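Report on the structure given below.
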Amino acid sequence: MGIIQSLQCRECRKEYEPQFRYVCEECFGPLDVTYKFPSSIKKNSFESREKNYWRYFELLPIADKNNIVSLNAGFTPLQQADRLGTHLGGMKNLFIKNDSVNPTFSFKDRPAGVAVSRAKETKLKAVGCASTGNLASATAAHAAKAALPCYIFAPSDIENIKIAQALSYGAEYVAVDGTYDDANRVASVIGDS
């Protein structure tokens, strides 16, 4: 794992010690993780490893491989899109990443896998997210694999089909009156408690 050096606000650049924090106290901007990567890592270090995103283990914020929660997401195919390239003004060699072949049919499997693995490593007792679909499914699937309770915060008027997959993995739906932003605020407040 790259050594986590600090958390830095994307907006005002204020730095924080690495800890459970996701928003800047000064401006409420999002925090990015800054790393010091091992000098032993080279581009060809990853070529012979498994065909999923955990092949880049040293570049992810997990210290112990035993904490990896993997559904073998990633390494999805590129598909050539000649007709779309022509339509977009004659672009040659246009390719589209087909993330619909990931375990929950979305690119969200990658961040959810890392987040749930980090939750396992830091011994959190549950995970959750605000979502109206794909992130809910990916988080719930990885939480189920890790045997962690999962809470999905979404507007109370959401169409059932949008969270059906997450519920099928055993997630608990927390209905929030209002918009997605309201659900996100409620999830943040509960996550901080």
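Points to keep in mind about this one:
Okay, residues lined up against (1) farther than 19 Å from LEU60 by Cα; (2) outside any strand (DSSP E or B):
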position: ILE4; (1), (2): no, no
position: LEU7; (1), (2): no, no
position: ARG13; (1), (2): yes, yes
position: PRO18; (1), (2): no, yes
position: CYS27; (1), (2): yes, yes
position: ASP32; (1), (2): no, no
position: TYR35; (1), (2): no, no
position: SER39; (1), (2): no, yes
position: SER45; (1), (2): no, yes
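- A Cβ distance below 8 Å, combined with a sequence gap of six or more or placement on separate chains, defines the contacts here; from the range 164-187, residues that are farther than 13 Å from GLY133 by Cβ reach residues that are surrounded by fewer than 14 Cβ atoms within 10 Å (Cβ to Cβ) and small (Gly, Ala, Ser) in the pairs ALA175/SER156; VAL176/SER156; ASP177/SER156; GLY178/SER156.
Condition check ((1) surrounded by fewer than 21 Cβ atoms within 10 Å (Cβ to Cβ); (2) of a type in the set (Asp, Glu); (3) within 28 Å of ILE4 (Cβ to Cβ); (4) modelled with pLDDT under 95) across all residues:
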site	(1), (2), (3), (4)
LYS120	no, no, yes, no
CYS129	no, no, yes, no
ASN134	yes, no, yes, no
ALA144	yes, no, yes, no
ALA147	yes, no, yes, no
ALA154	no, no, no, no
SER168	yes, no, no, no
VAL189	yes, no, yes, yes
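- Checklist (1) within 20 Å of GLY191 (Cβ to Cβ); (2) in contact with a helix residue (DSSP H, G or I) (Cβ under 9 Å, 6 or more places away or on another chain) applied to LYS92, failing item: (1)
- Flag for GLU17 being surrounded by fewer than 13 Cβ atoms within 10 Å (Cβ to Cβ) and not aromatic (Phe, Trp, Tyr): yes
- Test: residue in the range 67-80 that is within 20 Å of LYS123 (Cα to Cα) and exposed (fewer than 13 other Cβ atoms within 10 Å of the Cβ): no
The values are calculated or read from the model by the stated rules, or taken from the named source; none is laboratory data. Computed from a prediction, not measured in an experiment: that's the story for all the values here. Note that each Cβ is placed from the backbone with ideal geometry, even for glycine, and that neighbours are counted across all protein chains shown.
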